[in-house]
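The values are calculated or read from the model by the stated rules, or taken from the named source; none is laboratory data. Remember, it's a predicted structure, so these values are computed and weren't measured experimentally. In this analysis, Cβ positions are derived from the backbone assuming ideal geometry, glycine residues included, and neighbour counts consider all displayed protein chains.
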Amino acid sequence: MDVGQPTIDQIRIFLAVVDEGSFNGAARKLGRAISVISYGIANLEAQFGVTLFEREGSRRPTLTEAGRAVLATARAVADDIDALMASVRGYNQGLEAELTLAVDVMYPTAWLARLCRQFQAYFPTVDLRLHVEALGAVAGMLLEGRAHVGVTGPVVIEDPVLDRMRIGEVELLPVAAPSHPLARLADIPPGAGRQHLQLVLTDRSSLTEGRDFSVLSARTWRLGDLGAKHALLLEGIGWGNMPLHLVESDLAAGRLVRLPMQEAPGVAYPFNAQWRRDCPPGPARSWLIEALKAGCGGDHAGPIVI
């Protein structure tokens, strides 16, 4: 049989009766007369060709099998309509439809996850596009217009189109597996790191193409992924610099050893929030910049060894 198309109002009446447990409760919730509620349910049942509530022998309407079958879909339809209305209201108020955030790979995942959770709570209708890149690639996305806000590391690209603000840092330190020759030295003499393979995070951006950032060893493996670098370090393939938050558990468990390199025993890896000046300062972008500033710790400059 053909099924009629219900109105949004009928669906909301149906859900109100379910949630309030009575036609009277639904009438109070929606600010309608009880006759309007009864009429709406009767019309909806007529359009569907099924009975949605058992009304006989009980003071409380009880969902029939058919009513239970359509309940989840009815809620989904109502939720979609609410989201549509919120999106239109936000657009009319200047709220962005989507926002692209590019983040330096060294930025702690826990910080990023908390930031994204809060963003979703404040701006449920704004689609967030997230990119994780290394070194100059974040600034490159901003300059190319492929990102609205970025968290950049020590590779600061000064350009008139970009504004930036220092937002914090993490500690970067040289590590190796316990089996590595450098890890077995009680005292690492200056220059010893040059004699061993160094795992280096490479930059996929053309902005800093061909540049090295305090690479000590004559032999290097260039990796575009921090996770791959971490895995190779655990296997004892070379030594390299890693953010403390990522290897802290490995150091505690003895899977990695901190190397007291005299050239750079450990340094601060700074973060900057950067954004395009020519992008409209919408509510979501403004909130994101302030949240990034509040979410990081101190401000300590230092030499950078990647």
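Side notes on the structure shown:
- From the options LEU256, LEU172, LEU197, LEU216, residue that is over 20 Å from LEU112 (Cβ atoms), surrounded by 13 or more Cβ atoms within 10 Å (Cβ to Cβ), touching a strand residue (DSSP E or B) at 6+ places or on another chain (Cβ under 8 Å) and at pLDDT below 90: LEU216
- Subset of the stretch 92-122 (residues that are among the hydrophobic types (A, V, I, L, M, F, W, C) and not in a strand (DSSP E or B)): LEU95, ALA97, VAL105, MET106, ALA110, TRP111, LEU112, ALA113, LEU115, CYS116, PHE119, ALA121
- Residues of the stretch 239-291 that are in a helix (DSSP H, G or I) and of a type in the set (D, E, K, R): GLU248, ASP250, ARG285, GLU290.
- When restricted to residues that are in a helix (DSSP H, G or I) and more than 42 Å from the chain's Cα centre (by Cα), the stretch 22-41 contains 10.
- The residues of the stretch 1-57 that are within 20 Å of ALA72 (Cα to Cα) and without any contact (Cβ under 8 Å) to a residue 12 or more places away in the chain, listed by number, are THR7, ASP19, GLU20, ALA42, GLU45, GLU54.
- Residue count for the stretch 112-142 under the criterion of being more than 28 Å from GLU158 (Cα to Cα), surrounded by 14 or more Cβ atoms within 10 Å (Cβ to Cβ) and either aliphatic (A, V, I, L, M) or in contact with a Pro (Cβ under 7 Å, 6 or more places away or on another chain) (or both): the result is 1.
- Selection within the stretch 124-141 - closer than 18 Å to GLU290 by Cβ and in contact with a Gly (Cβ under 8 Å, 6 or more places away or on another chain): VAL126
- Yes/no for GLY236 being touching a strand residue (DSSP E or B) at 6+ places or on another chain (Cβ under 8 Å), modelled with pLDDT of 90 or more and assigned to a loop (DSSP other than H, G, I, E, B): yes
- A single member of GLU133, GLU96 is of a type outside the set (A, V, I, L, M), on the phi < 0 side of the Ramachandran plot and modelled with pLDDT under 85, and it is GLU96.
- Filtered residue count, the stretch 49-67, keeping only those that are part of a helix (DSSP H, G or I) and either surrounded by 18 or more Cβ atoms within 10 Å (Cβ to Cβ) or of a type in the set (Lys, Arg) (or both): 1
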